[in-house]
Structures are given as C-alpha cells and as structure tokens.
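Quick notes on the structure that follows.
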Number of protein chains: 2
Amino acid sequence: MAEVPHGQRRPTLADVAAAAGVSRATASRAMSGARNVSPAARDRVWAAVERLGFEPNRLARSLRSGSTMGIGIVVPDVAIGFFATALKGAQELLETAGYHALVANTDRAADREAAALRMLRAHQVDGIILATSGGYQDIGVPAVFFDNVPSAPAVGAVALRNAEGVAQLVDHLVRVHGLDRIAYVGPPAAPALGVAPFTHRSGRERLDGFRAALGRAGLPLPPEYVRTSGPACTEAEATAITHELLALERPPQAILAGADTLAMGVLDATRASGIRVPEDLALVSFDEPAYADLIDPPVTSLDRHDRELGRRAAQLLLDALVSGNGGRQEPEVERVPLELLVRRSCGCGRG
Amino acid sequence: MAEVPHGQRRPTLADVAAAAGVSRATASRAMSGARNVSPAARDRVWAAVERLGFEPNRLARSLRSGSTMGIGIVVPDVAIGFFATALKGAQELLETAGYHALVANTDRAADREAAALRMLRAHQVDGIILATSGGYQDIGVPAVFFDNVPSAPAVGAVALRNAEGVAQLVDHLVRVHGLDRIAYVGPPAAPALGVAPFTHRSGRERLDGFRAALGRAGLPLPPEYVRTSGPACTEAEATAITHELLALERPPQAILAGADTLAMGVLDATRASGIRVPEDLALVSFDEPAYADLIDPPVTSLDRHDRELGRRAAQLLLDALVSGNGGRQEPEVERVPLELLVRRSCGCGRG
DNA sequence: CTGAAAGCGCTTACAG
DNA sequence: CTGAAAGCGCTTACAG
C-alpha cells in the first residue's frame, strides 16, 4: 500500500484519471468492473490506483448513487454476550454481501434508541437490524427485529421459540427431577407505559409459556411464585426477589430464571443465604450465561445459537433489500428453536 | 416526528428552505446555530424542519465540510467482555463530544484488521481507536491504541501496567500463601513472523514482569514453568498446557494465567484431572473473567477498569483532534493501574 | 442579515 | 469504447 502521510491530500478519482490518462468517467467505470472499458485503459487505471494508494471516497459515492451499503445494527448492550455474538453473526453475513455495519448501543433506554435511529437515518443506512428497547421509530428503511417480536411495521423478525424453551426447562424439572413447586423470575412481561406494544414481547411469551407448561403438567402456581424484574434485568433485582421467595412459608423447590443475569442474581442470593444449589433449590436459566460450565454449579439452560440468530436476521434484511420489499407486505417472523443444555444446577449429575 | 413512509423521497435542505421561504444558505445557517440569521428566519426554518421531519444528510454535509465526525473503533472480538466494555466507554465519550463510532471486528486476523482500516479510510473517519491484532496500517488519521502499546506512528496509547499487575499477583501468592513453585501460562510474548513489532507487546510485558517478580522474590524459575499460547489465547491451549504442567516431576503449586480465557482453560484441566483449586493448585488470572464471583472457585484476578480505559483512549484521541496534532509529535502513552481482586482461587477464604 | 454560486468526490445517463 | 456534463445534498466564502 502506498504511503498516506497525515495531513496530505488524499488522491481522488481525478488524480487517478489524470495519472492513467483517461477521464474520470472511464476511471470510475474501470474500477467498478464495467465491461465497456478497453483492457488497456483498465490496466492503466488499476496501475494508477495501486501507485497512488487510491481508495474511493464512500461518502461521495453513496451521495451520488443513493445507496450507502450501510446497515444499522442497534442493540441494548454490546457487553452482553448474546447481543455481541448475534451482532457478530449479522456483521459477518452483511460483510460477505458487501455491506458494512454501523453499530449503536442504547443502554436499554428508549430515548437513546430513538436518537440512534435518527443518527442512522442521517447516515442514510439502507436498512436496520435491531433488538429494541422500546424506542423504535420508522426511519423509512426496512427493519428486521431480533430478540423481540415486533407488531410494528417491519420486513421481518427472528425470534426465539420462547414458550417452547420455557416448556423444555419446566418439563425437565418436573419429569426428571419430580419437582412441583417451581417459581419464575423473569424479565418484565408487560410493556412499560408509553412504550411501543412489541416491547418485552419475549418476556411476555416466556411468562405465558411458563404458566402454560405448569398447567399442562397439572401443577399449581401460587401467584407469589411469579416474579418479574424491571427492564434492565439486573442481578440485584433477582437477588432481592430470590430472598423474598426463600422467605415464603412454602418456598419453591426450583427457580426458572428468564434471563442469564437473573440466574446469576438468584445464585448470588443462594450464596448469601447458605442455600445449596441444586440440593436445596434447583435452578434453570432460559439464557446461557457466559462460562456456564465453570460457574458453581454449572447452570442448566438453553442454547439460543446466538450467532446463527444474528445471521438469520441479516439474511432476512438482505432478502428484503434485494427484493425491494420496503416492509409493505406481511412481516416474516422466523422462530429459532432452543436446545436444552443439561448441567448440574437442575440436580442432574455432572454433565 | 413526522411520518417517513418507505420509498418516499426524504425532505432535503431545499425543501426546508422552500417551506420556510428562505434560501438554502440561510436554512443551513439557521440550523447550524450561526448568529447571523434573523430570529424570524430562524423560527420559520425550525418550524419547517419540525413539520417535514427533516434530518440533514450527513453524507452530503461531511463531503462538503471535510469532516465526518466519525471515529473508527477496531477490536479483535466484541464478544469478549473487555473489548465490549472498553468499546462502550469510548463510544460514550465520543458521543458526548458529538462524534459517532464505526465499529469493526477483526476476529484477531491481521488481514481483516487491514481491511477494516481501509474501510474506515473509505468512510473518511476523523480518527481511529484500536486494539490491534497486528494488521495496523496508517490511514492518514490520528490513531490511539489500547490493550497493546504501539511502536507504530500514533498520537497515543493507553495501556495497562502489565508488569506491575503481574507483580501484584505473584507477590500475593508468595507473601500471603508462601508458595514458591509458580508457573506462568500467558499470551504470546514474541511477535509472530511478519507482524508489526508492537503486536503482543502486552504479552511480552506480562511475561517479563513475571520473571522480574520471581527474581525479586528470590524464587527459581524452571524453564518448563513458562508457557505461552498462540495469539488466539484459547481455553483449549491452556487446558493442554496445564495437563503438561501437572504431569511434570515437580508440578507447580500455582499457575498465573496471563489472560482470562487461559485461566478458564486451566480450570477446565483441573476439573478433568480431579485436581482441587486452590487446595492442590492455586490459580490467579491477569484478566478478570466474566462472572468471576460465580465461577468455581471464584478467581483471584486484576480489575482493569475496562470502561475507564476506553474512555481514556477516546479522550486521548479527542485531544489530538482538537489540537490538530496529526501524530507528528511523540505519542503519549498512558498507563492505567490495575487493582488486585482477591477471591478464593489463590487460596484465600471467602472474599 | 441574506442569497447566488461554487464545490466536496463521486456516478451515470447522454452523445459521440 | 470514451468523455463532457449534470447532479447527489449539503456548506461556505463572497458580494451585497
């Protein structure tokens, strides 16, 4: 690569054209691989490109062509393994297709999400992929949701089989371990006031799935066994809730945590109370925590295939982009299955 | 916010100007907050902006003004907690200053890093912040490194006090636990062939720091006690190395892992061998693993203050950007201190 | 305080 | 196969 010293003017297409002895139009065509360029001209152009270390200015190209080949990816928190991995999966596929990703982090704040979307609009992204925190607004480009199923206009969504996943966890506790007092500590199930209706849909589905699974198993479900956290799903919330559950007259034999951070909070509470897991209290988690195998005890949970989920979301968006479907037809919701990963926190032997 | 239906032409500055009954120049000035605009004109412009839901096209603005207010952030792997958190810290500060971040993931491949840098150049970023995997090349804008100290042209770097951190860990094992057979399992310390000289500098510093600390403590260091992984620092590598260490005639009493993934690999090996930590083998880790408290046993390690590290890198870059220092003066290397977090894997009681 | 005009660096009909 | 010209949507001296 040629030297690109700081502060020196970068070569432009005009420089390349001049160096190659052709017009800017021909230089542009040669670089874009158009066929109507003579081999001789093409060679001279590429030689000039090499020599000058030319890299086309994407700002100018996008402004002129009307397409940035940029995709916005909006997530609540990249420091959470699920989002980071899904993000990587999506980015991987997008780059293969010649797109690049603009990543925005919302810290789970609806207003920061809205600001991120305006920023993406200002950058003229061709589409967006997002795990919403409730601040979604249409910016006029195709949108694919993941993690939460939208009832908002979108070209598609990829979501987990939430109810099915919860049912797998419940069935395991009931059939394998014969437990019948199972409590639920999950993410919020009702949208917050003033928040778009699709928010926390997955929380809703998990909770409903829990109730349904217990019903199918013929188990009672005292109201005090059903608890939800705030939208941030902090460990601290789960810790507090767990202490309350353990203080009940009839404490649960098992807790199903609806998110990994919540599962960690439950574990924290058991440590503090001297409660042994799984001997005194079984624990299963919907999401798989980082280093699930090394946690004490290893946590039985569901594998979401995070990366694949990100890839599918990207694929859905790419499909919409090539088909030119701007979200005017029925959104396509893809449901990805979950896999039970049996470890020790449920009461199973080493695995 | 006004409706922005798919497929409909977005309002431009010309639309706003027409609606407000002023020229595009005046509309532009009104929006930029320039003082030489009459209050009446300003109000009419803003009203039109609101009504039309206008958002300036940043492509056009950047192309014209020569500044994108975009900063490239390049990391080996966002799915690793350290990078994700540092990234968030940097992004936070950048956004406060009116910049936006373009995030690139290199998967630790030097060629992907080089490609990411070219992409960022094509996007005319004003500067870059990166944790290099060895593929760095100058793209003509100020660069700040973190995680690795560069000897490459840069305006600055923020790095850990690697040697000091390792010394803290060693001293703890020696003074508090009276151990004298301590092995090291760390990241590579020598740059790979064909890789820029600054790569793996932090690995080098950790290893050298280890040798120095043992020297100061007057402890012997058999060559077979010093092991390094490949650049990916996988758990599997550490697991294999640990099995070899345990099979030595005089196995170590303690292992200092130079990275969190390596510490997890060491733990895996002890599990498989029925070795108890810390009773049979003490373990300390340079990096703090995710959920360090919940791992069995909780791992004694160093707190790097990841977020703050990202913030400092961003601050260094912003300083360079406002001062107009294009990297022509001596790069500023900031060293952030590390904090010992005593848990149980070193042999200490519950903490 | 305001507007006409030039121009950022590209791409793309259009005419040859 | 090639080039002159227009134009993407802004900002910014420049002249009034």
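The values are calculated or read from the model by the stated rules, or taken from the named source; none is laboratory data. Because the structure is a prediction, the values reported are computed rather than measured. As a convention, Cβ positions derive from the backbone with ideal geometry for all residues, glycine included, and neighbour counts pool all protein chains shown.
Values as computed for the structure displayed
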quantity: Members of the range A:246-262 that are at pLDDT 95 or above and surrounded by 21 or more Cβ atoms within 10 Å (Cβ to Cβ); calculated: A:PRO252, A:ALA254, A:ILE255, A:LEU256, A:ALA257
quantity: Selection count, the range A:84-103, where residues are polar (S, T, N, Q) and either under 28 Å from A:ALA30 (Cβ atoms) or within 16 Å of DNA strand C (Cβ to nearest atom) (or both); calculated: 1
quantity: Given (1) at pLDDT below 95; (2) within 26 Å of B:ILE139 (Cα to Cα), index of the condition A:PRO39 fails; calculated: (2)
quantity: Evaluation of B:THR270 against (1) away from chain A (no Cβ under 11 Å); (2) assigned to a helix (DSSP H, G or I) (one fails), failing number; calculated: (1)
quantity: Residue satisfying all of: in the range B:23-57; within 12 Å of DNA strand C (Cβ to nearest atom) and among the charged types (D, E, K, R); nearest to A:GLY66 (Cα to Cα) among these; calculated: B:ARG24
quantity: Sole exception among (1) of a type in the set (Asp, Glu); (2) touching a residue at least 24 places away in the same chain (Cβ under 8 Å); (3) farther than 22 Å from A:ASP303 by Cα; (4) assigned to a helix (DSSP H, G or I) for A:ASP107, by number; calculated: (4)
quantity: Test result for B:PRO278, over 23 Å from A:VAL78 (Cα atoms) and not in a helix (DSSP H, G or I); calculated: yes
quantity: Count of the range B:286-300 residues which are closer than 15 Å to B:THR261 by Cβ and either in contact (Cβ under 8 Å) with a residue 60 or more places away in the chain or assigned to a loop (DSSP other than H, G, I, E, B) (or both); calculated: 8
quantity: Extreme residue, farthest from A:VAL277 (Cα to Cα), among residues of the range A:240-259 that are in contact with a strand residue (DSSP E or B) (Cβ under 6 Å, 6 or more places away or on another chain) and touching a residue at least 60 places away in the same chain (Cβ under 8 Å); calculated: A:GLY258
quantity: Test: residue in the range A:319-332 that is in contact (Cβ under 8 Å) with a residue 12 or more places away in the chain, surrounded by 23 or more Cβ atoms within 10 Å (Cβ to Cβ) and farther than 30 Å from B:GLY265 by Cβ; calculated: yes
quantity: Selection status of A:GLY81, facing another protein chain (nearest Cβ under 9 Å) and more than 10 Å from DNA strand C (Cβ to nearest atom); calculated: yes
quantity: Boolean, A:ASP138 is away from DNA strand C (no atom under 16 Å from the Cβ), within 9 Å of chain B (Cβ to nearest Cβ) and among the charged types (D, E, K, R); calculated: yes
quantity: Number of positions in the range A:48-78 that are more than 7 Å from chain B (Cβ to nearest Cβ) and not β-branched (Val, Ile, Thr); calculated: 16
quantity: Number of the condition not met by B:VAL144 [criteria: (1) surrounded by 22 or more Cβ atoms within 10 Å (Cβ to Cβ); (2) away from DNA strand D (no atom under 16 Å from the Cβ); (3) within 11 Å of another protein chain (Cβ to nearest Cβ)]; calculated: (3)
quantity: Some residue of the range B:156-165 being touching an Asp or Glu at 6+ places or on another chain (Cβ under 6 Å), modelled with pLDDT of 90 or more and surrounded by fewer than 22 Cβ atoms within 10 Å (Cβ to Cβ); calculated: yes
quantity: Residue within the range A:69-80 that is within 16 Å of DNA strand D (Cβ to nearest atom) and under 26 Å from B:LEU59 (Cα atoms) present; calculated: yes
quantity: Conditions (1) within 14 Å of chain A (Cβ to nearest Cβ); (2) within 38 Å of the chain's Cα centre (by Cα); (3) more than 8 Å from DNA strand C (Cβ to nearest atom); number of the one not met by B:LEU13; calculated: (2)
quantity: Cross-chain or 6+ apart pairs with Cβ under 8 Å, the range A:35-47 first and more than 14 Å from chain B (Cβ to nearest Cβ), then more than 14 Å from DNA strand C (Cβ to nearest atom) and not in a helix (DSSP H, G or I); calculated: A:ARG44/A:GLY21
quantity: Selected residue (only one of B:ALA254, B:ALA292, B:ALA314, B:ALA263 is in contact with a Leu (Cβ under 9 Å, 6 or more places away or on another chain) and in the same structural domain as B:LEU130 (by TED's automatic domain parsing)); calculated: B:ALA314
quantity: Yes/no for A:GLY70 being within 16 Å of DNA strand C (Cβ to nearest atom) and touching a strand residue (DSSP E or B) at 6+ places or on another chain (Cβ under 8 Å); calculated: yes
quantity: Residue selected from the range A:16-49 under the condition of a type in the set (Ser, Thr, Tyr) and within 42 Å of the chain's Cα centre (by Cα), by the criterion nearest to DNA strand D (Cβ to nearest atom); calculated: A:SER28
